[in-house]
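The values are calculated or read from the model by the stated rules, or taken from the named source; none is laboratory data. Just so we're clear, the structure is a prediction, and the values are computed from it rather than from any experiment. Positions of Cβ are backbone-derived with ideal geometry, glycine not excepted, and every protein chain shown enters the neighbour counts.
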Amino acid sequence: MTSPSLGFRETMLLGLAGLASFIGLWSFLSVSGIVPAQFLPGPLDVASRFFDLLTAPFAGATLPAHLASSFQRYAYGVLLAAAIGVPLGLLMGFFRLLDDIVTPLFDGLRFIAPIAWVPFAALWFGTGIGGPIMIIFAGAFPPCLINAYRGARFVEPRLIEAARMLGTPSTRMILEVLLPAAVPSIIAGLRVSAGLGWQSLVGAELIVAAAGVGFMMVQAQGSVQTPTVMAGMIAIGLVGMLIDVLLRQGEGWLRRRRGLES
Amino acid sequence: MAPVASRKTLIGGMTVIGLVMLWFGLTTLTGLVTSARFPSPAEFWLSLKQINGRGYAGSTLVSHAFHSLKLVLMGFAVAVLTGVPLGLWMGWSRRVEAFVNPVFLIIRPIPPLAWIPLAILWLGLGDAAKILVIWFSAFVPSVINAFTGVRNIDKPILEAARMLGTPRWRMVREVILPASLPMIFTGLRLSLQASWTTLVAAELVGALVGVGFVLNMAQQDIYPGMILVGMVTVGILGWVTTLLLARVERRALAWNVAARD
């Protein structure tokens, strides 16, 4: 009960006013020359640069081509994280001994920022595709593991007892009891992973890569082409948003299908 | 509960000992992992001695670590001091929320790390660029959680305070702020984590001093021992600052029954 809810019209008007003042301030700073246009191009310059980049190559490729190569690495990294993290999490939720062994290691590694793996990633897997994949993996792995683990660990005990009483072997127990029960939690984890992976990808490409949006931005930064840098930021934001929207849709679809509508 | 805890500690301790033995076995004893890939314990020790004695990448480990810590704390402080009030204000007033939200929705999908090239263009390779980027990354969790904190306050509490004619300033200081404090601290934890990630990334992209710069130099020199020293330092710094924040949280929330266990 803070201030009462606003009507639709007022919300829209205020929102538009907010956007207008944001874009207005941005334009004013760059047009008036308070900030040199070289360092802060106006919104229109950035937009036109963005559309130029769709067809004109920069740093070896057009923006869609850079995005495609970024996305390829990203997909590999996130899929790898899910393929290892989810099963390991489920196993840890089931076998107490594995839990006790992995948890201290995991807690120790947790405080190292994923991006700090860059030097070893470059040393072990090179800077082409392997290194960035490892860094995306480092960013996307923890939520996959933690959520699968929590999902499996907090399954209704009665279900496990019932299955055990019926003499269910461990493999079937994991695949047919723990996995289905943990699905909502796993999906939520995957969504967090997808976001963190995208963020790590940007970091990886800024530091080690020879293609991709991050690489394009570093090249543009080196030659002081601010509009290109900002166009890259917009592209990264758009793709990140798209990934999140798609996963949200998938999550909603899955919940409805399982009758878990919340 | 006691036997379970000690079993956990025992297995955890054995795991760590086993891991150290595995490290020693794979590198020094058998040479299965060559020192070009991962340093042996002896090499790690030598790198540690080198950076503490003669120094590496321009100075000693302590001054690199201190510099990084200083930047994180400054960026984090700026983000918290701007983000939490904005979040509280947005939570309090629907008008402010409606005004700020669209801009926020546009800027938020851009990952903080994507601001690094722009920050370097604007401010160069020095400290200011790093603080700017940390501010961007730590700002968002601070705002969102402070906002959620205000919106989740029990209505009767606010109504009671309002009915008693509590003036605006006291309302903020004695009702809204304390009631949303648990959520605010959740945001601060996320902000702190984001600050470290961003700082390390920013220092890897371009810096002249700091832990990320040590990592960067070690990568270029292909010096696995020093890479490991850098990573361990990043981990320890992240761990210590998280512990400190948790202590502050316990202090600040000492009155809160729900947060006590």
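Data table
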read-out: Members of the range B:214-230 that are of a type in the set (A, V, I, L, M, F, W, C) and surrounded by fewer than 24 Cβ atoms within 10 Å (Cβ to Cβ); value: B:MET217, B:ILE222, B:LEU228
read-out: Count of the range A:1-27 residues which are surrounded by 13 or more Cβ atoms within 10 Å (Cβ to Cβ) and more than 10 Å from chain B (Cβ to nearest Cβ); value: 2
read-out: Any pair with Cβ under 6 angstrom, 6 or more apart, that starts in the range A:219-236 at a residue that is under 15 Å from B:ILE107 (Cβ atoms) and ends at one that is outside any helix (DSSP H, G or I); value: A:MET233/B:ILE110
read-out: Residue among A:PHE141, A:PHE137, A:PHE120 that is within 12 Å of chain B (Cβ to nearest Cβ) and within 16 Å of A:SER200 (Cβ to Cβ); value: A:PHE120
read-out: Lone unmet requirement of (1) farther than 22 Å from A:MET241 by Cβ; (2) touching a residue at least 24 places away in the same chain (Cβ under 8 Å); (3) surrounded by 17 or more Cβ atoms within 10 Å (Cβ to Cβ) for B:THR82; value: (3)
read-out: Any chance A:SER5 is part of a loop (DSSP other than H, G, I, E, B) and either over 25 Å from A:SER223 (Cβ atoms) or outside the structural domain of A:GLY222 (by TED's automatic domain parsing) (or both); value: yes
read-out: Considering residues of the range B:92-118 that are facing chain A (nearest Cβ under 7 Å) and surrounded by fewer than 17 Cβ atoms within 10 Å (Cβ to Cβ) only, the residue farthest from B:SER191 (Cα to Cα); value: B:ARG95
read-out: Enumeration of residues in the range B:150-195 that are in contact (Cβ under 8 Å) with a residue 60 or more places away in the chain and farther than 30 Å from B:LEU71 by Cα; value: B:ARG151, B:VAL172, B:ILE176
read-out: Residues that are under 21 Å from A:LEU105 (Cβ atoms) and loosely packed, with under 14 Cβ neighbours inside 10 Å, drawn from the range B:26-40; value: B:LEU32, B:ARG37
read-out: Selection count, the range A:195-225, where residues are at the interface with chain B (Cβ under 8 Å from one of its Cβ atoms) and surrounded by fewer than 24 Cβ atoms within 10 Å (Cβ to Cβ); value: 3
read-out: Candidate set from the range B:49-70 (those that are charged (D, E, K, R) and assigned to a helix (DSSP H, G or I)); member that is surrounded by the fewest Cβ atoms within 10 Å (Cβ to Cβ); value: B:LYS49
read-out: Residue check, B:LEU19 at negative phi, surrounded by fewer than 18 Cβ atoms within 10 Å (Cβ to Cβ) and at the interface with chain A (Cβ under 10 Å from one of its Cβ atoms); value: yes
read-out: Residue among B:VAL200, B:VAL205, B:VAL133, B:VAL211 that is within 14 Å of chain A (Cβ to nearest Cβ), on the phi < 0 side of the Ramachandran plot and over 17 Å from the mean Cα position of the chain (by Cα); value: B:VAL205
read-out: Flag for A:VAL224 being part of a helix (DSSP H, G or I) and closer than 25 Å to A:LEU40 by Cα; value: no
read-out: Which numbered condition A:ALA75 fails, given (1) closer than 24 Å to A:PHE106 by Cα; (2) in contact (Cβ under 8 Å) with a residue 24 or more places away in the chain; value: (2)
read-out: The listed residue being outside the structural domain of B:ARG168 (by TED's automatic domain parsing) and among the small types (Gly, Ala, Ser), out of B:GLY87, B:GLY53, B:GLY18; value: B:GLY18
read-out: Subset of the range A:118-171 that is buried (at least 23 other Cβ atoms within 10 Å of the Cβ), among the hydrophobic types (A, V, I, L, M, F, W, C) and in contact with a Lys or Arg (Cβ under 8 Å, 6 or more places away or on another chain) - its residue that is farthest from B:THR34 (Cα to Cα); value: A:ILE136
read-out: From the options B:LEU121, B:LEU125, B:LEU188, residue that is crowded, with 20+ Cβ neighbours inside 10 Å, within 12 Å of chain A (Cβ to nearest Cβ) and of a type outside the set (Gly, Ala, Ser); value: B:LEU121
read-out: A:ILE112 being among the β-branched types (Val, Ile, Thr), crowded, with 18+ Cβ neighbours inside 10 Å and within 22 Å of A:MET233 (Cα to Cα); value: no
read-out: Lone qualifier among A:GLU161, A:GLU176, A:GLU251 - being more than 25 Å from B:LEU123 (Cβ to Cβ) and either outside the structural domain of A:GLY126 (by TED's automatic domain parsing) or within 24 Å of the chain's Cα centre (by Cα) (or both); value: A:GLU251
